[in-house]
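A quick write-up on the structure given underneath.
The values are calculated or read from the model by the stated rules, or taken from the named source; none is laboratory data. Keep in mind that this is a model prediction, so the values were computed, not measured. Cβ sites come from the backbone with ideal geometry, for glycine too, and all protein chains shown count toward neighbours. Heads up: the accessible areas ignore ligands, DNA and RNA and are worked out on the full protein's heavy atoms, side chains in. Shrake-Rupley method; radii C 1.70, N 1.55, O 1.52, S 1.80 Å.
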Amino acid sequence: MSTSALVIRAGPGARALIQRDGLRPEQVKAMAGAAGGPKWLALAPMDRFLFGEWFRARTAPLPTIGASIATWRFTAVAQDDPVAAINRFENAYLNEQRYSDAPDAEEISQVCAHLLNTLLPDEHVPQLLGHAYLRPHVVTALCRGRAAVEAPRQLKAGLAQIALSNMLSRQRLAQHVERVVFHHPAGRGP
């Protein structure tokens, strides 16, 4: 039974390289982030270490890609002081994110805007775009048809249509949603 807090899964070539040379920051060529709400809280200590210490001397570009909470994580670590940004976001996420019993889209947007302004104050935007090595890429979804309308009844009908299409066949999702990637100004990642 392994007692390590970190498990590295690697193919035969990568495993041989790590066994021979150890694991070094420059060997990491790209990083994908996990989506899914609060799971970032479990990853925050690892991010503090990786981006606050391990990658500190890195100069080679490191493309990151993610959706949802991964984009928030990579926004934090692509600032001059990644640990401070993670701490600001963690505090706002846990202590300042409050909703009424029945929040509407406007309330949710206001809370998210507060979180974003806490995580990425205007003066930190140049840090994100001009970071020494991080090149964030953001995955989003462009809705079509009823799901592209903000009117609640039409939106609900559109989302129900998407869910039904997904249940029938994942390939049908393309009729309703298009994946869109916002690339870093320095260009596309690998």
Subtracting the Cα-Cα distance of Ala35 and Asp101 from 0.36 nm times their residue separation yields 21.2 nm
For Leu164, solvent-accessible area (1.4 Å; no DNA, RNA or ligand), Å²:
100 Å²
Starting from the Cα-Cα distance between Ala174 and Leu17, subtract it from 0.36 nm times their residue separation and give me the gain in nm to one decimal.
52.6 nm
Starting from the Cα of Ala113, step 7 Å along the direction of its Cβ; do the same at Lys156; then give the gap between the two resulting points in nm.
2.5 nm
Which loop-located trypsin sites (Lys or Arg not before Pro) does the range 89-159 contain, where loop means any DSSP state but H, G, I, E or B and the Cβ has at most 11 other Cβ atoms within 10 Å?
Arg98
Computed FRET efficiency, Cβ-Cβ of Cys143 and Met167, R0 22 Å: what is it to the nearest 0.05?
0.80
What fraction, in whole percent, of alpha-carbon pairs in the range 108-181 exceed 19 Å separation?
57 percent
Amide H contacts under 5 Å for Ala32, placed H, 5+ residues apart
Ile65
With +1 assigned to the C-beta of every Lys and Arg and -1 to the C-beta of every Asp and Glu, and no other charges, what is the dipole magnitude of the chain about the Cα centre in debye, to the nearest 20?
1060 debye
Between Ile8 and Ala132, what length comes free when the chain is fully extended (0.36 nm per residue of separation minus the Cα-Cα distance, one decimal in nm)?
42.0 nm
So, counting K/R as plus one and D/E as minus one, what does the shell of residues with Cβ under 9 Å around Leu62 add up to?
+3
For the range 1-55, what value does the Rg/Rh ratio take when both radii are computed over Cα atoms and Rh is the Kirkwood radius, given to two decimals?
0.99
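Can you tell me the relative contact order of the chain? Whole percent, Cα pairs under 8 Å, sequence separation 6 or more.
21 percent
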Please work out, to two decimal places, the log10 of the ratio I(q)/I(0) at q = 0.14, 0.29 Å⁻¹ from a Debye calculation in which every Cα of the range 68-113 carries one identical scatterer.
-0.40, -1.05
In Å, descending, principal axis extents of the Cα set of the range 1-145
55, 38, 37
Over the Cα atoms of the range 68-148, each weighted equally, I'd like the Debye log10 I(q)/I(0) at q = 0.26, 0.27 Å⁻¹, rounded to two decimals.
-1.24, -1.29
What is the range 27-90 by shape, rounded, prolate or oblate, if you read a ≥ b ≥ c off the alpha carbon gyration tensor as root eigenvalues and call it rounded for a/c under 1.5, prolate for a/b larger than b/c, and oblate otherwise?
oblate
